[in-house]
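Comments concern the structure below.
The values are calculated or read from the model by the stated rules, or taken from the named source; none is laboratory data. None of these values were measured; they are calculated from a predicted model. Cβ placement follows ideal geometry from the backbone for every residue including glycine, while neighbour counts extend to all protein chains displayed. Accessible surface areas use protein heavy atoms only, side chains included; no ligands, DNA or RNA. Shrake-Rupley method; radii C 1.70, N 1.55, O 1.52, S 1.80 Å.
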Amino acid sequence: FRFKESLAEDLQSAELVISHAGAGSCLETLEKGKPLIVVINDKLMDNHQLELAKQLHRDGCVLYCNCSTLVETLQSMDLSALKPFPAGQPEKFASFLDKVFGLQ
């Protein structure tokens, strides 16, 4: 897609998502419980997408590649090996802020 207001419907019906390694795209896909292959753009400033892709891969949540290795990744992928992305716990962050500001 070039641009869409929301990918929610597309994500809901997807069996596999192939995306760039932007934080929003990755997290939205993983929170929906969809298998994800992230294709890093190593031409971006400081190659920041690679950092996120590597960490999510170390956590067992995604597969990652670049444009030149996408076909190989698709041919060799084992989606059953991917782990579910852990649910967020925003209450922990709120509790931390309460402690920092002396509200607790």
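Structure summary
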quantity	calculated
Listed pairs Lys4/Lys92; Lys4/Lys34; Lys34/Lys92; Lys32/Lys54; Lys54/Lys92 exceeding 27 Å between Cα atoms	Lys4/Lys92
Net charge of Cβ neighbours under 12 Å - reference Leu11; Lys, Arg +1; Asp, Glu -1	-2
For Cys61, residues with placed amide H under 5 Å, excluding near neighbours	Lys83
Radius 14 Å from Cβ of Cys67, net charge of other residues (Lys, Arg +1; Asp, Glu -1)	-1
FRET efficiency estimate (nearest 0.05) - Cβ-Cβ, Ala23 to Lys99, R0 25 angstrom	0.45
Accessible heavy-atom area order of Val71, Val38, highest first, probe of 1.4 Å	Val71, Val38
Residue-count net charge about Gln89 - beta-carbon cut-off 15 Å; Lys, Arg +1, Asp, Glu -1	-2
Part-to-part distance (alpha-carbon centres) for region 7-34 and region 68-90, which is given in Å	11 Å
Accessible area in square angstrom per residue, the chain, 1.4 angstrom probe	73 Å²
Dipole magnitude of the chain about its Cα centre (Cβ charges: Lys, Arg +1; Asp, Glu -1), debye to nearest 20	140 debye
Share of carbon and sulfur in the accessible heavy-atom surface of the chain [1.4 Å probe, %]	56 percent
Semi-axes of the equivalent ellipsoid for region 7-101, Cα gyration tensor, largest first, Å	26, 17, 12
Relative contact order (%) - region 7-101, alpha-carbon pairs under 8 angstrom, separation at least six	22 percent
